[in-house]
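> Sharing a structure below in structure tokens format, with a few things to ask.
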Amino acid sequence: MPPALKALVAQLAGWLAAFLLARSGALGSGIWPLVATQAIGATGAAFALRSARWWLPLHLAFMPLVVAARALDLPPGWYLGAFIALLLVYWTSFRTQVPLYLSNRATAEALARLLPQGPARVLDVGAGTGSLLRRLATLRPDCRFAGVELAPGPWLVGSLLLARRSRQVEWRRADLFSVPWADYDVVYAFLSPVPMATVWRKAAAEMRPGSLLVSNTFEIPGRNPDFVVEVGDRRATRLLAWRIPASRAPK
Ligand SMILES: C[S@@+](CC[C@H](N)C(=O)[O-])C[C@H]1O[C@@H](n2cnc3c(N)ncnc32)[C@H](O)[C@@H]1O
């Protein structure tokens, strides 16, 4: 079951538990016993559904916060505004399970050192706000860069940030799996564990032998990297790199 559906089922299970207990007369009066029962029920259901551990505190806090927020008496437009802002930034993260977080400066510098000598073509798949590409373009003016980003919010920020570099950086709003990767010497991915097997299949099927797939942090299941670069920053970033083999068959 996809995580977003699990979350919905857990919340509904929490409400069912609260409703049944309230009907049996076992709950005290007022809204808070009901809310506490819902929260505990939802958390228990999420646990039973084997949701990732970080979902549990979210379920425990969700309904109490919703009820507490009502006391603030904010105009409903604020909630709609916050929802739209989050939607523009995270877009299909509930499906792709790849949220927005950005590579830092030290990582950009380490990646720039990995690029081949001479003019190379580099693609950032899931390029966020384009901040990494902007740094790379400054560090390696002899290379050409491209970024694909699906979420409209980061893509729009990237369009503004990269407007002056349109000759060196191609910036597109697209799904990273729908664009060809064959033209690039280096493909850089900072995604999540979830799509990495698919990333490898696409890289092995499309990228030229000898070109490089670099993943910030996330491993490809069952495939050791050809080499690893320790960035040496505070979050102990590791760049994992795979050289595309001559054989085209994905392994
Ligand atoms: C962790 S961020 C990395 C941003 C940037 N590459 C960096 O290193 O600073 C991952 C980005 O991938 C985007 N993303 C996730 N799935 C995608 C897809 N299928 N196609 C394009 N972009 C995607 C997300 O919206 C998010 O902005």
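> So what is the relative contact order of the chain, in percent, for Cα pairs below 8 Å that sit 6 or more residues apart? Can you show the working numbers first?
Details: 398 pairs, mean separation 33.3, N = 251.
Averaging sequence separation for qualifying contacts and normalising by length gives 13 percent for the chain.
> Rounded to the nearest 5, what is the percent of antiparallel bridges among the DSSP beta bridges in the chain? Provide the component values of the computation, followed by the final result.
Values: 10 of 28 bridges.
Roughly 35 percent of the DSSP beta bridges within the chain come out antiparallel.
> At 7 Å along Cα-to-Cβ for each site, give me the label-to-label distance between R243 and A71 in nm.
For R243 paired with A71, the spin-label model returns 6.3 nm.
> Could you tell me the center-to-center distance, by alpha carbons, between the range 198-214 and the range 94-147 in angstrom?
The range 198-214 and the range 94-147 have Cα centres separated by 17 Å.
> Per residue of the range 104-119, what does 6.51 cos²θ - 1.76 cosθ + 1.60 with θ = phi - 60° give for ³J(HN,Hα)? Whole Hz please, x for Gly and Pro, Karplus curve as stated.
Karplus-based 3J(HN,Hα) across the range 104-119 equals 8, 4, 4, 5, 4, 5, 5, 5, 4, 6, 7, 5, x, 4, x, x Hz.
> Between F19 and A182, what is the label-point separation in nm under the 7 Å Cα-to-beta-carbon projection?
Distance between label points: 5.5 nm.
> For the chain, what does the helix formula give at 222 nm: sum of -39500 (n - 2.57) over DSSP H segments with n ≥ 4, over the residue count, nearest 500 deg cm²/dmol?
Details: 9 runs with 114 residues, N = 251.
That comes out to -14500 deg cm²/dmol.
> Once both axes come from the Cα atoms, what is the angle between helix 76-90 and the longest principal axis of the chain, in degrees from 0 to 90, rounded to 10?
On a 0 to 90 degree scale, this one is about 30.
> Just want to confirm a number: the relative contact order over the range 3-73, from Cα pairs under 8 angstrom separated by 6+ residues, in percent. All intermediate terms of the calculation are to be shown ahead of the outcome.
Values: 73 pairs, mean separation 25.8, N = 71.
Across the range 3-73, relative contact order equals 36 percent.
> Order by neighbour count: V9, V122, fewest other Cβ atoms within 10 Å first, most last.
Fewest-to-most Cβ neighbours within 10 Å comes out as V9, V122.
> Near the amide H of E170, under 5 Å away, which other amide H atoms are found, from residues 5 or more places off or on another chain, if H is placed in the peptide plane?
Hits under the 5 Å cutoff: F145, A146, G147.
> Shifting gears a bit: Quick one: length gained pulling R223 to A61 fully straight, 0.36 nm per residue minus the C-alpha distance? Don't jump to the answer; show the numbers that get you there.
Working: separation 162, 0.36 × 162 = 58.32 nm, distance 3.85 nm.
Using 0.36 nm per residue and subtracting the Cα-Cα distance, I get 54.5 nm.
> In nanometres, what is the gap between the two model label sites at S192 and A174, each 7 Å from Cα along Cα-to-Cβ?
In this crude spin-label approximation the distance works out to 2.4 nm.
> By how many nm would the segment from R95 to F83 lengthen if fully extended, with 0.36 nm per residue of separation less the alpha-carbon distance? Please list the in-between numbers first.
Details: separation 12, 0.36 × 12 = 4.32 nm, distance 1.70 nm.
Taking R95 through F83 to full extension adds about 2.6 nm, to one decimal.
> Let me ask you something else. What list do you get for E206, E109, E149 if you sort them by fewest beta carbons within 10 Å?
E109, E206, E149
> While we're on this one: Give the calculated FRET efficiency between V9 and R167 to the nearest 0.05, with a Förster radius of 45 Å applied to their Cβ-Cβ distance.
Values: r = 50 Å, r/R0 = 1.11.
Computed FRET efficiency for V9 and R167 comes out at 0.35.
Since every read-out is calculated from the coordinates, none of them should be taken as a lab result. The structure presented is a predicted model; accordingly, all values stated were derived computationally and were not measured. Positions of Cβ are backbone-derived with ideal geometry, glycine not excepted, and every protein chain shown enters the neighbour counts.
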